[in-house]
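Engineer: One structure coming up, written as structure tokens, with questions to follow.
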């Protein structure tokens with residue numbers, strides 16, 4: 001059974017993880033966190049809850065969100081062709 005980076009810990013732990021994510025943590029952990037946000041609705045909910053608690057990171061997180069979504073859409077489009 002796999003555990004998600006965002007929805008499994010919840011609460012304060014998720015806020016700490018979000019701060020690490022914003023600093024672009026280790027590559028494999030960063031990639032796993034991005035995948036969880038693409039495929040797990042509960043992770044998206046926890047991510048947004050944690051994001052609301054750290055307004056000073058909104059600009060950095062916006063850039064990461066945009067990049068993650070563009071990459072996900074491009075990957076999906078390539079799979080369709």
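No value in this document is a laboratory result; all are computed from the given coordinates. Quick caveat, the model's predicted, so the values are computed rather than measured. Note that each Cβ is placed from the backbone with ideal geometry, even for glycine, and that neighbours are counted across all protein chains shown.
Engineer: Taking the number of other C-beta atoms within 10 Å as the exposure measure, put 5, 43, 38 in order starting with the fewest.
Structural biologist: 38, 43, 5
Engineer: Something else now. Give me the percent relative contact order of segment 11-80, please, defined on Cα pairs under 8 angstrom at least 6 residues apart.
Structural biologist: Averaging sequence separation for qualifying contacts and normalising by length gives 39 percent for segment 11-80.
Engineer: Turning to a different aspect of this structure: How large is the helix-only mean residue ellipticity at 222 nm for the chain, computed as the sum of -39500 (n - 2.57) over DSSP H runs with n ≥ 4, divided by its residue count, in deg cm²/dmol to the nearest 500?
Structural biologist: -24000 deg cm²/dmol
Engineer: Right, here's the next one. Taking Cα atoms, how many degrees apart are the long axis of helix 27-39 and the longest axis of the chain, rounded to 10 and kept between 0 and 90?
Structural biologist: The answer is roughly 80 degrees.
Engineer: Set the Förster radius R0 to 30 Å, insert the Cβ-Cβ distance between residue 53 and residue 75 as r into 1/(1 + (r/R0)^6), and round the FRET efficiency to 0.05.
Structural biologist: For R0 = 30 Å, the calculated efficiency reads 0.50.
Engineer: Now for a separate question. Give me 70, 15 sorted ascending by neighbouring Cβ count inside 10 Å, so fewest comes first.
Structural biologist: Ranking 70, 15 by Cβ neighbours within 10 Å, fewest first, gives 70, 15.
Engineer: A follow-up question, please. So what's the angle, to the nearest 10 degrees on a 0 to 90 scale, between helix 11-22 and the longest Cα principal axis of the chain?
Structural biologist: Taking Cα atoms only, the helix is inclined about 50 degrees.
Engineer: Please give the helix 41-52 orientation as an angle from the longest Cα principal axis of the chain, in degrees from 0 to 90, rounded to the nearest 10.
Structural biologist: Orientation of helix 41-52: about 50 degrees from the principal axis.
Engineer: Same structure again: Report, to one decimal in Å, the Kirkwood hydrodynamic radius for segment 11-80 based on all distinct Cα pairs.
Structural biologist: With all distinct Cα pairs of segment 11-80 included, I get 12.6 Å.
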